[in-house]
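Participant: Provided herewith is a single structure, encoded as structure tokens, for subsequent inquiry.
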Amino acid sequence: MKTAKTTLVKEFKVGQIDKRIYGSFIEHLGRAVYGGIYDPEHPLADEDGFRKDVIESVKKLNVPVVRYPGGNFVSGYNWEDGVGPKELRPKKLELAWGVTEDNSFGTNEFLSWCKKADTECMMAVNLGTRGVDAARNLVEYCNHASGTYYSDLRVKHGVKEPHNIKLWCLGNEMDGPWQLGHKPAEDYGHLANEAAKAMKAVDNSIETVICGSSNYGMRTFGEWETTTLDIAYDAVNYVSLHQYFDNRSGDTASFLAKNMDMERFIKSVVSICDYIKGKKHSKHTVNLSFDEWNVWYHSNGEPFEKWSKAPHQLEDIYNFEDALLVGLILITLLRNCDRVKVACLAQLVNVIAPIMTENGGRLFEQTIYYPFAHVSNFGRGSVLHQVIDSPMHDTREFSLVPDIDSVSVLSDDENELTVFAVNRNATDDVLFEIKMIEMDGMKPVEFIQMSGHDVNAVNGFDASPVKPVNAGLPEMSDGRAQIKLPPLSWNVIRFKK
Ligand code: AHR
């Protein structure tokens, strides 16, 4: 049998995981809000119109932060349209996605939903069609206690206590020509800088995220980050990265190597942040917010009725190989947890999402739901340095792809170790040998696995065959575990003292 080996040393840590690396995203897009988290006519809707079954499913994912309200949507959004008495809220053309937005759901509704779903809001402001003034007013509306125009307006709208939102995105994908109000890097850099300064003047406890590139393949990638950060470095805490993956060519081997590109993307953005830091002799560090990532291609081009409300849009149905790539992406994010502090699986419900609903009806959990739930629930603590000696293979698009990719997380009390591993080899078992140093008494207690499915197998409302199972506990002696990882498998091996 092929063998891969790694050694884990308790003291050798990449860094503490910021739990916000397990964030997600709800945009006013398709049926994410209307018919997703909010469906007042649904038999399981609570007094606020929130679907209780969706909240339960979200809670199992243990998502600590959810980005809102966009996405491309935010670049044309007037936040004032979504607050106050519902009967007075305007219906508007939503230009990013070609639909009608009736604004029956807005900021305060989302913040109530967050409380019920045990999560926090990562709020985005509109720096496309709007600017500094609307942004600082929204911070005042959300975070100032009372006694000013906007804070009192919130109180008048029935929300006495401030929302205290800590994390703020300075627009969305402003490098993208498709974005409403898209600007050249220099213009956006100045706008982001001034907006962040004004927003922090309202509440100096907030953190801001400047828009980086919409994806690694953007023609302006690199220049965009360098120019905007050079202007706004001191006013921002994070730079955003977005990336979606596809397997349009039907080449599973190359698809499952695509997290290697993601790793290069992360390393390049870290270098740019630190270049600007060095150039400015700054003590301030700008970290990374990978606030949109997922597989997205199954649903592309689906027709919908223009200017309708909440049509079916971007409703990807995920298969087994997508679950494997999502596992690999999570491994990559964790491996870089010293710099990636925030990340958002895009999105959360119905729109390129792990949870799918029927309007007024059932829900099901997609294949990608499971690796995310495993990592979010068990990946809390510190990531250990991990060099893996693995067999390699080449694919059509990538060379030297390790069969085994893996990351290991030690809990804060150092009594629990969880190893996440994917075997990308399509035909062979690989024996994964893990040597543990200074971790006496660690014993395997659970081995969760997803394997043996056709790469195209999917879940649905009527049947969900692609689910994790418990595998037999691995052999362990002299601080060494030996674990057989089947071909094309997602593996979660939990050890405890
Ligand atoms: O998540 C879907 C869209 O993808 C978002 O609105 C946008 O930011 C990105 O291009």
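The values are calculated or read from the model by the stated rules, or taken from the named source; none is laboratory data. Note that this is a predicted model, so its numbers are computed, not measured. Neighbour counts run over all protein chains shown; Cβ positions are idealised from the backbone, glycine included. Side chains are part of the model used for accessible areas, which takes the heavy atoms of the whole protein and leaves out ligands, DNA and RNA. Shrake-Rupley method; radii C 1.70, N 1.55, O 1.52, S 1.80 Å.
Participant: Sequence-distant or interchain residues sharing an amide H contact under 5 Å with Leu8, placed H: which?
Facilitator: Lys435, Met436, Ile437
Participant: Run the reach check for Lys160 against aspartates and glutamates, Cα to Cα strictly under 16 Å, same-chain hits fewer than 8 apart removed. What comes back?
Facilitator: Glu109, Glu140, Asp152
Participant: Moving to a separate point now. Regarding region 377-480, what whole-number volume in Å³ per residue does the convex hull of its Cα atoms give? Each step should come with its number before you reach the end.
Facilitator: Details: hull volume 15.6 nm³, N = 104.
Looking at region 377-480, the number lands at 150 Å³ per residue.
Participant: Taking the Cβ of Asn456 as the center, what net charge do the other residues with Cβ under 11 Å away carry, scoring Lys and Arg +1 and Asp and Glu -1?
Facilitator: On the way: positive: none; negative: Glu321, Asp322, Asp454.
Overall, the nearby charge balance is -3.
Participant: How big is the convex hull of the Cα atoms of region 1-160, per residue, in Å³?
Facilitator: 201
Participant: So, with +1 on the Cβ of K and R and -1 on the Cβ of D and E, and no other charges, what is the size of the charge dipole of the chain about its Cα centre, to the nearest 20 debye? Before the final figure, lay out each step's value.
Facilitator: Working: 53 positive and 69 negative charges, 167 e Å.
Taking the Cα centre of the chain as origin, the dipole is about 800 debye.
Participant: How large, in percent, is the carbon and sulfur part of the accessible surface of region 34-73 at a probe radius of 1.4 Å? Before the final figure, lay out each step's value.
Facilitator: Values: 650 of 1350 Å².
Carbon and sulfur together cover 48 percent of it.
Participant: What residues have an amide H closer than 5 Å to that of Gly15, excluding those fewer than 5 places away on the same chain, when H is modeled at 1.01 Å from N in the peptide plane?
Facilitator: Those lying under 5 Å, H to H, from Gly15 are Val383.
Participant: Over the Cα atoms of region 382-424, what Rg and Dmax result, in angstrom?
Facilitator: Gyration radius and largest Cα-Cα distance of region 382-424: 13.3, 44 Å.
Participant: Using 0.36 nm times the number of residues separating Asp187 and Lys160, minus their current alpha carbon distance, what extension gain do you get?
Facilitator: Working: separation 27, 0.36 × 27 = 9.72 nm, distance 3.72 nm.
Extending this stretch completely gives an extra 6.0 nm.
Participant: Residues in region 420-461 near a label at His385, defined as backbone nitrogen under 14 Å from the 7 Å Cα→Cβ point?
Facilitator: 437
Participant: Could you give me the ³J(HN,Hα) list for region 477-494, computed from phi with Karplus coefficients 6.51, -1.76, 1.60 and θ = phi - 60°, whole Hz, x at Gly and Pro?
Facilitator: Per-residue couplings from phi come out as 8, 6, x, 10, 9, 10, 10, 7, 9, x, x, 6, 9, 9, 9, 10, 10, 9 Hz.
Participant: Counting only C-alpha contacts under 8 Å and six or more residues apart, can you give the relative contact order of region 358-497 as a whole percent? Don't skip to the answer; put the middle values down first.
Facilitator: Working: 272 pairs, mean separation 41.2, N = 140.
Relative contact order, region 358-497: 29 percent.
Participant: Given a 1.4 Å probe, how much area per residue of the chain is accessible, in Å²? Each step should come with its number before you reach the end.
Facilitator: On the way: 18820 Å² over 497 residues.
Per-residue value: 38 Å².
Participant: Further question: For region 236-241, in order, what is each residue's ³J(HN,Hα) by Karplus, 6.51 cos²θ - 1.76 cosθ + 1.60 with θ = phi - 60°, in whole Hz (x at glycine and Pro)?
Facilitator: 10, 10, 9, 10, 8, 10
Participant: Treating cross-link reach as a plain straight distance, find the aspartates and glutamates whose alpha-carbon is under 16 Å from the alpha-carbon of Lys115, omitting any fewer than eight places away in the same chain.
Facilitator: Correct list for Lys115: Asp46, Glu47, Asp48, Asp53, Glu56, Glu161.
Participant: Return the inverse of the average 1/r over all pairs of distinct C-alpha atoms in the chain, which is the Kirkwood hydrodynamic radius, in Å to one decimal. Don't jump to the answer; show the numbers that get you there.
Facilitator: On the way: mean 1/r = 0.0429 Å⁻¹.
Kirkwood hydrodynamic radius for the chain: 23.3 Å.
Participant: Apply the Karplus curve 6.51 cos²θ - 1.76 cosθ + 1.60, θ = phi - 60°, to the phi angles in region 343-358 and return the couplings in whole Hz, x for Gly and Pro.
Facilitator: Calculated HN-Hα couplings, in order: 8, 10, 5, 9, 10, 9, 9, 6, 8, 5, 9, x, 10, 10, 10, 9 Hz.
Participant: Taking the Cβ-Cβ separation of Glu446 and Lys2 as r and a Förster radius of 30 Å, what is the calculated FRET efficiency to the nearest 0.05? Don't skip to the answer; put the middle values down first.
Facilitator: Values: r = 24 Å, r/R0 = 0.82.
Efficiency, rounded to the nearest 0.05: 0.75.
Participant: Taking only C-alpha pairs under 8 Å that are 6+ residues apart, what is the relative contact order of the chain in percent?
Facilitator: Details: 1162 pairs, mean separation 98.5, N = 497.
RCO, the chain: 20 percent.
Participant: Using a simple spin-label model with points 7 Å from Cα along the Cα→Cβ vector, what separation in nm is obtained for Ile317 and Asp46?
Facilitator: 3.1
Participant: So what's the angle, to the nearest 10 degrees on a 0 to 90 scale, between helix 320-335 and the longest Cα principal axis of the chain?
Facilitator: In the chain, helix 320-335 runs at an angle near 80 degrees to the longest axis.
Participant: So for region 102-179, taking the charge dipole from beta-carbon charges (+1 Lys/Arg, -1 Asp/Glu), which of Tyr141, Val155, Leu167 sits furthest toward the positive end?
Facilitator: Val155
Participant: Once the Cα gyration tensor of region 169-316 is found, what semi-axes does its equivalent ellipsoid get, as square roots of 5 times the eigenvalues, in whole Å, sorted largest first?
Facilitator: The answer is 30, 21, 13 Å, longest axis first.
Participant: Using modelled backbone amide H atoms (1.01 Å from N, in-plane), which distant-in-sequence or interchain residues come within less than 5 Å of Thr208's amide H?
Facilitator: The answer is Trp168, Asn237, Tyr238.
Participant: With label points built 7 Å along Cα→Cβ from the Cα atoms of Lys435 and Asn204, find their separation and express it in nm.
Facilitator: 5.2
Participant: Run the simple label-point estimate for Arg264 and Asn359 please: 7 Å along Cα→C-beta, distance reported in nm.
Facilitator: Calculated label separation equals 4.4 nm.
Participant: Can you send over the solvent-accessible area of Phe105, 1.4 Å probe, protein chains only, in Å² to the nearest 10?
Facilitator: In the full protein context, Phe105 sits at about 0 Å².
Participant: Then there is this: Would you tell me the accessible area of Ser477, worked out with a 1.4 angstrom probe on the heavy atoms of the protein chains, in Å² to the nearest 10?
Facilitator: That residue has around 70 Å² of solvent-accessible surface.
Participant: Counting only protein heavy atoms and a 1.4 Å probe, tell me what percentage of region 187-298's accessible area is made up of carbon and sulfur.
Facilitator: Working: 2030 of 4160 Å².
On region 187-298, the fraction of accessible area on carbon and sulfur atoms equals 49 percent.
Participant: Let me ask something else about it. Give me the net charge for the shell around Asn336: Cβ to Cβ below 9 angstrom, other residues only, Lys and Arg +1, Asp and Glu -1.
Facilitator: Numbers: positive: Lys267, Arg335, Arg339; negative: Glu263, Asp338.
Once positives and negatives cancel, what remains is +1.
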